[in-house]
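The values are calculated or read from the model by the stated rules, or taken from the named source; none is laboratory data. None of these values were measured; they are calculated from a predicted model. All Cβ positions, glycine included, derive from the backbone under ideal geometry; neighbour counts span all protein chains shown. Side chains included, ligands, DNA and RNA excluded: accessible areas come from the protein's heavy atoms. Shrake-Rupley method; radii C 1.70, N 1.55, O 1.52, S 1.80 Å.
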Amino acid sequence: MTSAPNTGDVIDVLIADHRDVTALIGNIKSVKDPMIRRDLTDTAISELVRHAVAEEMYIYPAMKDHLPEGDKAVEHDVEEHKELEETMKRLEDVDVSSPEFEQALGKLEEILADHVQDEETEQFPALRQHIPAEKLVELAGKVETAKKLAPTRPHPNAPNAELFHKLVGPGVGLVDRLRDKLTGRATK
């Protein structure tokens, strides 16, 4: 996904991620070649998993600490992340030419659109209002680093929690990247 410019903050990074994954889904829908479709799907899954892990590690704790009703918003977002992971797992497991793939892709697009809407219209503006700008810039660096170490495949049964991602996530990410390399799976 697109890295934030040096002057950008974590919100800029996350919005760029949203745009990138949304564009990838649009490309998947327009491409008919199965190999290209699979590569685009694997890339979208990888990028979305990395984004979600980084949010769970750094953004959700900030939301809980700084936003009124932050716990409630995080709980809702984690549920959406779980739905996204289950849907991405289905996308990994079905043939890209099947009706099941089309159905799962539509569901992914629907859940993602709702998630992006919540974050960009409510949560991100609230974070900018409640967290100093320099802290948001600092968080951008942490999020970018987290995305480099994060898993590249959905793990719907793993906890969606900061501590899990910080302690176990880099190891899972290493295994995922090794599997990606051995299988030739597209991740960027």
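The one condition from (1) open to solvent by 70 Å² or more (accessible area, probe 1.4 Å); (2) part of a helix (DSSP H, G or I); (3) farther than 16 Å from Ala113 by Cα that Met63 does not meet is (1). If you check Gly70, Gly8 for being free of Cβ contacts under 8 Å to residues at least 40 places away in the same chain and either more than 18 Å from Leu112 (Cα to Cα) or open to solvent by 20 Å² or more (accessible area, probe 1.4 Å) (or both), only one passes: Gly70. Cβ-Cβ contacts under 6 Å between residues 6 or more apart (or on different chains), taken from a first residue in segment 87-108 that is in contact (Cβ under 8 Å) with a residue 40 or more places away in the chain to a second residue that is among the β-branched types (Val, Ile, Thr) and surrounded by 20 or more Cβ atoms within 10 Å (Cβ to Cβ), are listed as Met88/Ile45; Leu91/Thr41; Leu108/Thr87. From the list Ile45, Ile25, Ile36, the lone residue that is more than 27 Å from Glu122 (Cβ to Cβ) and either open to solvent by less than 20 Å² (accessible area, probe 1.4 Å) or assigned to a helix (DSSP H, G or I) (or both) is Ile36. Residues of segment 90-142 that are assigned to a loop (DSSP other than H, G, I, E, B) and buried (at least 20 other Cβ atoms within 10 Å of the Cβ): Val96, Ile131.
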